Every structure is written in C-alpha cells, then in structure tokens.
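Comments concern the structure below.
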Amino acid sequence: MVHVTRIVIIGGGPGGYEAALVAAQLGAEVTVVDRDGLGGSAVLTDCVPSKTLIATAEVMTTFDTSYEELGITVAQDGGADAAKVIGVDLGKVNRRVKRLAIAQSHDITQSVTRAGVTVLRGRGRLGSGGQAVDGSREVLVDAPDGTVQSLRADAVLIATGAHPRVVPDAQPDGERILTWTQVYDLEELPRELIVVGSGVTGAEFAGAYQALGSKVTLVSSRDRVLPGEDPDAAEVLEDVFRRRGMNVMSRTRAEGAKRVGDEVEVTLSNGQVVTGTHCLMAVGSIPNTAEMGLEEAGVKLNDWGQIQVDRVSRTSAPGVYAAGDCTGVFMLASVAAMQGRIAMYHALGDAVQPLNLKTVASNVFTDPEIATVGYTAADVECGKMDAVVVKLPLRGNPRAKMQGIRDGFVKLFCRPGTGIVVGGVVVAPRASELIHPIALAVDANLTVEQVASAFTVYPSVSGSTAEAARQLHIRKRADGES
Ligand SMILES: Cc1cc2nc3c(=O)[nH]c(=O)nc-3n(C[C@H](O)[C@H](O)[C@H](O)COP(=O)(O)OP(=O)(O)OC[C@H]3O[C@@H](n4cnc5c(N)ncnc54)[C@H](O)[C@@H]3O)c2cc1C
C-alpha cells in the first residue's frame, strides 16, 4: 500500500501556499487553512498593494525630478507648476491596487487547487491532544459559519504571518489614523501626512506619498532613517527625502495620536506636537501566534511571541513546522516561501538545504531603491566578516549621467585573500533588478575577477558593478601586500 503523508498548513501567505505547492508535487495530501484569502497579507495588504502604489509614485518621481533636465516641456496651465499639472487621483490608484491584489489572490488559489490542494476557509489552531500514538496531530478549523472541523495531519506547518503593531494611545480609526493595511481605502490624497516609524515600511510609504504630492513628516526614533540598513545607503535616502521637502524628525518617538476635527495631532516624546491631516503608524508588527494552542502543544515562542525554529523550519514540537513572519526570522515574502518549502522537503524526506540568510537579497522600494545582499558594513565593522570594500558613486556612471541620476552608489564586499564576493549594496533606481548579479556572485562564491570579466552592456548602470569588482581586484592585491 502506498503511504500518503497528510500535511495541514495553517496560513495561506507565501510561507503557506509555496509549501503547499511543493508538498503536493511530492505526493502528499495537502490542506491549507486560511482565514482571509490565499496570498496572505503579502498579497492582500502588504507587499503587492504597497508595491503597486509605489509603481504610481515611481512614475511621478521620475518625471518630476528629471523632466526639466531631460528637455521635456510641460504645458503650463495658468501658471500652475508641473507637480500640479501631473497630479494623482488616489481613489483610482487605490482601486487599481485592490483589483490587482484580489486578482493575484485568485490566481494563487487557482494554481494551488489545480495542484490538488484542498483549501479551507477558517481559523486554524492546534488541537490540545498533542501527538497521537500514530505520531499524527490534530488541527481544528473554526469555519466562518461557526462550525468546527477536526483534521489529522502527519505534519503541520504554521505560517500565520503577522499584523501591524498598535500604540495604545494611537488607535487607528481607518480614516485619519491609519495602519499600512488601511491606506488603500483613502479616496483623496492626504494633504499633510505624518508617518510614524522610519524602518522599511515607514520609509517606503513616506517616499511614496511625498512623490504623489502629500506634504510628509517622518518621525524616526533613531539617529537616521532605515536604522537596519547600510548606513551610507540610509544617508543617501535621508538626504534625498530632505532635499525633496520632507520633514524628517530624528531621535523622537510618537507617544500618541488623536483626531482633532479634520486633523490629527501626534504627541512626541520630546514634548512636541506635530499636526497633519493624516497619520500612518508603521511601528512594527506582532506575530499571529496567540490563541492557537501552540504552547499547549509544546511549540516554544520567544519573548515577542514569535515561533522558534531551526534552519529546516522545525519547531520544538515534533511534527510541527513554522515558516514566515510568525517566526520573525527575516520578514520577507521570499524568506517565508523558502522556509515553507524547506519545511516540506524535510517533512517529506526530500533532499533539503538548510536556510542560509547570507544569500538573501532584499530591497527597500524607495526612490532611489536600496538593494542589499550578503554580509553588511556592520558585519565588517564588528569583525564578523573580514572584507575589503569598494563604493562607487553613480555620479561617475555614463548611463546614470544620461538619465539624470545623481544619487546612489554600488558597493561590493570581498574576502581579502581569495577575492570571493561576500556582499553588496546598490542604491539606484531599480536597484531591485541590479542586485541580482551580485546575489548570484554571493550565492555561487564567485570572485571579483569572475564578476569583472563578464561583459556588461555599455552604457549601463550595472557597468558600475563590474567596475567595483575591477577596483576590488587591485585593492585586495594592495591589501595582501601591506
Ligand atoms: C507594507 C509592507 C510591505 C512589504 N513589502 C515586501 C516586499 O516588497 N517584499 C518582500 O519580500 N516582503 C515584503 N513585506 C513582508 C512580507 O509581506 C511578509 O514577509 C510576508 O507576507 C510573510 O509571509 P507569511 O506567509 O509569513 O505571512 P502572511 O503573508 O502574513 O500570510 C499569513 C496568512 O495566514 C492567515 N492566518 C493568520 N492566522 C491564521 C489562523 N489562525 N488560521 C488561518 N489563517 C490564518 C492570514 O490571514 C494570512 O492570510 C512587506 C511587509 C509590509 C508590512
């Protein structure tokens, strides 16, 4: 008799649905339980909607910052300036955003069901009985109609994601005080937007709304924006933000936000009160791990409520795996998907490569974008990695000059002896596309000589990556001699 492994996945975001596809391919009987719709927050409220909004913002910025230099004329209407001539209809933009998100969720549902996966709508949790004698576990599904269904699984994957953190004295009302999931209901562009939080989400929205035409104040509790990113990259972005008129407030926290008529007052830890028409709170997220019977089943959580996992996505409870934002390992859709796939390869006895975070490419979708892979400047500074660094400003790149690009750089890190590329940062328009050759080099342990010897198109921004590699070839020789 052929033994079919039963897999139940709780959560249908990238961590869950990518795992489901792999498990079905490997011949398992797979059920995905999701309460909001396949694609998860990544597709319905976070990644896909924000990047669709940013697509409009990107066109606005590119035009606004370069049209004069590139010789484009704009018909002036009664003395109005160009920004007013090319204004945005936010209601229309947001309807497009939501349409795309729903279509994407629908596409994912189709491909998952076509692969033979059963999709159940409802809230999943672990049954309290622990592991049965046959090693299986119980998953309970609370359906929207109030019924409860019991499923048995040989392996369970928890991929329930996370939700926005709320500051007690800044309760979102969905109209003027908003979380990032609520901004797509706005019909009109906020005149004055206060963005609280200068991590990736805060910086992306601050940059996007500024490009769309809002007057933006960005409240950062740290010395600079994007405290987790490459310091040179963060400096470029903060400089661009300020030059374009953003009010960036550093080293101060928002303690509360309240509505006063049609305005919002945000009280800061330094006693100041900032006023705007809208406030977007982007102060981190909370894992969706409460009331799921996890600890009762032996699944250990850390102090932030995130599920502790190893590099093959195992939790502390046998037969229970976890992937994605509920583990807090690296809050990216690509990492969630990889963790989910790895869990299934492991559970179903296939060849498995443990998760390697040093090859993850990530991007901040601001203008300019900031893309990163591998070891960082902080790793080099604290001695975690011995590396030689070269940073080439894009000002000297011929294509960048032609396109009127002034801000940005390419930075490469390589090992001093071998010249193996161990990391890189690209700050440029479409850096998300330009980082790929560096990510390939890091993943395949290529040397700077190998990167430098591959042809690049002339003229191209990626020419700067090859040039940085050439300069590292000289630098590492000089370092070796000294
Ligand atoms: C504004 C924003 C922009 C982002 N942009 C990017 C980006 O550009 N690129 C990138 O790589 N990452 C991005 N991220 C991060 C990315 O969205 C997450 O890392 C990704 O969504 C994690 O996937 P996941 O599968 O863990 O969870 P999710 O995508 O959150 O999916 C979890 C699913 O589980 C469901 N669920 C929760 N609890 C239960 C339960 N008990 N029972 C059943 N279902 C349940 C939820 O409803 C949801 O559908 C962004 C995040 C934010 C906030």
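The values are calculated or read from the model by the stated rules, or taken from the named source; none is laboratory data. Quantities reported herein were computed from a predicted structural model and do not represent experimental measurements. Reconstructed Cβ throughout: ideal geometry from the backbone, glycine too, with neighbour counts over all protein chains shown. The protein model used for the area step is the full one, side chains on, heavy atoms only, and it has no ligands, DNA or RNA in it. Shrake-Rupley method; radii C 1.70, N 1.55, O 1.52, S 1.80 Å.
Quick rundown of the values:
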| read-out | value |
| --- | --- |
| Kyte-Doolittle mean at least -0.5, axial Cα span of 20 Å or more - DSSP H helices of the chain | 47-66, 333-347 |
| R0 of 22 Å, Cβ-Cβ distance Ser269-Trp304: FRET efficiency to nearest 0.05 | 0.50 |
| Cα-Cα over 23 Å, subset of Lys51/Lys92; Lys358/Lys384; Lys384/Lys411; Lys92/Lys215; Lys215/Lys258; Lys92/Lys401 | Lys92/Lys401 |
| Solvent accessible area, Å² - Lys300, 1.4 Å probe, full protein context | 120 |
| Per-peptide average of other Cβ atoms within 10 Å, ordering 56-64, 448-456 highest first | 56-64, 448-456 |
| Cα-based Rg and Dmax for the chain, where Dmax is the largest Cα-Cα distance (Å) | 24.3, 81 |
| Residues in the stretch 2-27 that a label on Asp134 would reach, taking backbone N under 14 Å of a point 7 Å out along Cα→Cβ | 2-7 |
| Cα centroid separation, the stretch 170-244 to the stretch 3-48 (Å) | 32 |
| Glu296/His163 FRET efficiency (R0 25 Å; Cβ-Cβ; nearest 0.05) | 0.70 |
| Three-way shape label, the stretch 243-400, alpha-carbon gyration tensor, a/c 1.5 | oblate |
| Dipole magnitude of the stretch 114-250, debye to nearest 20 (Cβ charges: Lys/Arg +1, Asp/Glu -1, about Cα centre) | 180 |
| Distance from the stretch 248-266 to the stretch 356-395 (C-alpha centre basis), Å | 33 |
| Phe455-Ala378 FRET efficiency (beta carbon distance; Förster radius 45 Å; 0.05 resolution) | 0.85 |
| Neighbour-limited loop hits for GluC sites (Glu not before Pro), the stretch 244-339 (at most 12 other Cβ within 10 Å; DSSP other than H, G, I, E, B) | Glu291 |
| The chain, accessible surface, carbon-and-sulfur percent (1.4 angstrom probe) | 50 |
| Relative contact order (percent, whole number), the stretch 238-355, Cα cutoff 8 Å, 6+ residue spacing | 13 |
| For the stretch 297-423, with +1 on Lys and Arg beta carbons and -1 on Asp and Glu, the positive-most of Cys326, Ala361, Gln403 along the dipole | Gln403 |
| Rounded accessible area per residue of the chain, 1.4 Å, Å² | 47 |
| The stretch 94-188 - Rg over Rh from alpha carbon coordinates, Kirkwood radius | 1.08 |
| For the stretch 270-344 and the stretch 105-137, distance of Cα centres in Å | 19 |
